[in-house]
Amino acid sequence: MDKKGAIFLLVATILAAAAGGGIYLYLKGMPTATADVQETVPVVVASKDMTFGTTLKDEHLKLVPFPKESVPPGSYGSVDSVLSQTTKVFLGQGEPILKSKLSAIGGGLSVRVAPHMRAMSLNVNDVTGVSGFVLPGDRVDVIVTVDNVAGSNVAVTKTILQDLEVLAAGVKTENKNNQHITVQTVTVVVEPEGAEKLALGVSQGKVHLALRNPVDHAVVAESKTDTRDVLGLREQKRSEPVKRASAPPPQPVVTQKEPVKVDPKFTVIKDGKISEQKSPTGQTEPEKK
């Protein structure tokens, strides 16, 4: 290596050392940034999706750390605090368990029934149950058809209940004629009077459900339709005959008797004789002696 190369290498080494030292001193003089560690607390959450009416067990729950500032109001920090309570709403996996979503009294579907209301179930099929599209939370009208109620072969159809909330919808298995059949069941919330109407409709006729828009709560005027209306067999009302003004009763004819004609007679005394005549100048009647 020649003399010039040795000098160039020495200068480069000195400059590199100076630059490294400067960077070191600069970084040493900067304040040290320390990561803030947020304090967390355990919160009970759902370990799986759950429907309403579920009695909580260990398998349904787990603890998850939440930032202390982000803990939802009404949450629980211990699994034992919520065991054996019943869910009032649907819960998704990882959703915090809140006091407002649980019921310590009762269980199952009863926790969804408001005070002074009743829950009733009815069996439907693909036709009467809107092809199985009726789901919990939907609103429906109940239509009942009863045969032979207005005469022989005359069925009547009428909407008996409107804007009912569907609490539950599902299928169940029944034993009919020693065979297991699957039946779709829909449970609705009604007032006590509505429960009586629904029970009568199910007992006496065939029930259909009409699905409503969830924001449509209008109650329309009740009306009924029978077989004659649908087939156009109802007799048209005949127009009543025009009442003619009756002639006044005939008045009794009063016949007046003709007046009795009395020929006027005059007595004439002339020349000592007395005579009578019809007129002063008329014919003279025979002389009276």
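The values are calculated or read from the model by the stated rules, or taken from the named source; none is laboratory data. Worth saying up front: this structure is predicted, and the values here are computed from it rather than measured. Cβ coordinates were reconstructed from backbone atoms using ideal geometry, including for glycine residues, and neighbour counts include every protein chain displayed.
Quick notes
- Residue 33 meets the stated requirement of being at pLDDT below 90, among the hydrophobic types (A, V, I, L, M, F, W, C), on the phi < 0 side of the Ramachandran plot and loosely packed, with under 10 Cβ neighbours inside 10 Å.
- Residue in segment 176-187 that is at pLDDT 65 or above, assigned to a loop (DSSP other than H, G, I, E, B) and loosely packed, with under 10 Cβ neighbours inside 10 Å present: yes
- Residue in segment 49-59 that is in contact with a strand residue (DSSP E or B) (Cβ under 6 Å, 6 or more places away or on another chain) and modelled with pLDDT of 90 or more present: no
- Residues in segment 51-85 that are assigned to a loop (DSSP other than H, G, I, E, B) and among the hydrophobic types (A, V, I, L, M, F, W, C): 52, 56, 71, 82, 83.
- Flag if residue 121 is without any contact (Cβ under 8 Å) to a residue 40 or more places away in the chain and within 21 Å of residue 186 (Cβ to Cβ): no
- Residue within segment 214-226 that is within 17 Å of the chain's Cα centre (by Cα), surrounded by 13 or more Cβ atoms within 10 Å (Cβ to Cβ) and modelled with pLDDT of 90 or more present: no
- From 101, 88, residue being within 24 Å of residue 168 (Cβ to Cβ), basic (Lys, Arg) and in contact with a helix residue (DSSP H, G or I) (Cβ under 7 Å, 6 or more places away or on another chain): 88
- Remark: residue 109 falls outside the filter, which requires a residue to be on the phi < 0 side of the Ramachandran plot and at pLDDT 90 or above.
- Among residues of segment 109-136 being hydrophobic (A, V, I, L, M, F, W, C) and loosely packed, with under 14 Cβ neighbours inside 10 Å, the one that is nearest to residue 205 (Cα to Cα) is 127.
- Note on segment 118-154: residues that are in a loop (DSSP other than H, G, I, E, B), touching a His at 6+ places or on another chain (Cβ under 9 Å) and not β-branched (Val, Ile, Thr) total 1.
- None of 154, 171 is modelled with pLDDT under 90, of a type in the set (A, V, I, L, M) and surrounded by fewer than 13 Cβ atoms within 10 Å (Cβ to Cβ) except 171.
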